[in-house]
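The values are calculated or read from the model by the stated rules, or taken from the named source; none is laboratory data. All figures in this text were calculated on a predicted structure; none of them were measured in a lab. All Cβ positions, glycine included, derive from the backbone under ideal geometry; neighbour counts span all protein chains shown. Heads up: the accessible areas ignore ligands, DNA and RNA and are worked out on the full protein's heavy atoms, side chains in. Shrake-Rupley method; radii C 1.70, N 1.55, O 1.52, S 1.80 Å.
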Amino acid sequence: MSTEQSSAHLRKLIESVKADWRGTHRKLPDPAIFALQDERVVAAIESRFASGVRLTDIRQLEYNFATGLNALVFDFDRAADDLASLATDAFLVLLNGDGAVVALVDPFDPVQPNKYVPPLPTTGEQPFVLERPSATDTVAFEDAAVGQAEARARAFMSRLGVVDGLLINTTWCDYATHTPVGWKSDRTSDDCAPIDTILT
């Protein structure tokens, strides 16, 4: 592909990013428009366009609060003569808070960014409780086990001097408001907690 053709593709890309920027619901990450102002990023895109490779995605990685850097990944199709390769074709752009490019990592493997650790999972990690599902939904609690827990709770409450039962909602509201006719208790207003309920 000639330089003129690749430059035409680049101009079209920049125009589409600008159009997306002006839109209400953006499909591309905001730092993309700043990344395309950098000569190194433009040169990396131009070299791929010149070899007939298509840009497939521009995506933003998680913001790094410790460094204040934004990370953009430019993903491309593999070249026509490299169809058998499992490698990805991408580069990483790091931008500071002002939108200036501070680093370009080319090539970049988004599947395994660090070759010394295993590849990233294809889907997001699930919370621990979902990774290790519990069988509590199918477990039936016997009356003997529940009875022991209730007995311990009742013994604890009796040591506190509470009547035999369970105390629920022990928050009280003792605020008062000064009115033209004097002080008025807010204990029964909507802003206060309801009166304690004893379950026997």
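Give region 17-42 a look and list any residue that's open to solvent by 60 Å² or more (accessible area, probe 1.4 Å) and part of a helix (DSSP H, G or I), or say none. Listed by number, the residues that qualify are LYS18, TRP21, ARG22, PHE34, GLU39, ARG40.
Restricted to region 60-76, and to residues that are open to solvent by 50 Å² or more (accessible area, probe 1.4 Å) and among the aromatic types (Phe, Trp, Tyr), which residue is nearest to LEU36 (Cα to Cα)? It would help to see each step written out before you state the result.
Filtering region 60-76 for residues open to solvent by 50 Å² or more (accessible area, probe 1.4 Å) gives 60-67.
Narrowing the set further to residues that are among the aromatic types (Phe, Trp, Tyr) leaves 63, 65.
Details: TYR63: 19, PHE65: 23 Å.
Ranking the candidates gives TYR63 first.
SER51 passes every criterion in (1) without any contact (Cβ under 8 Å) to a residue 40 or more places away in the chain; (2) out of contact with any strand residue (DSSP E or B) (no Cβ under 7 Å at 6 or more places or on another chain); (3) hydroxyl-bearing (Ser, Thr, Tyr) apart from (1).
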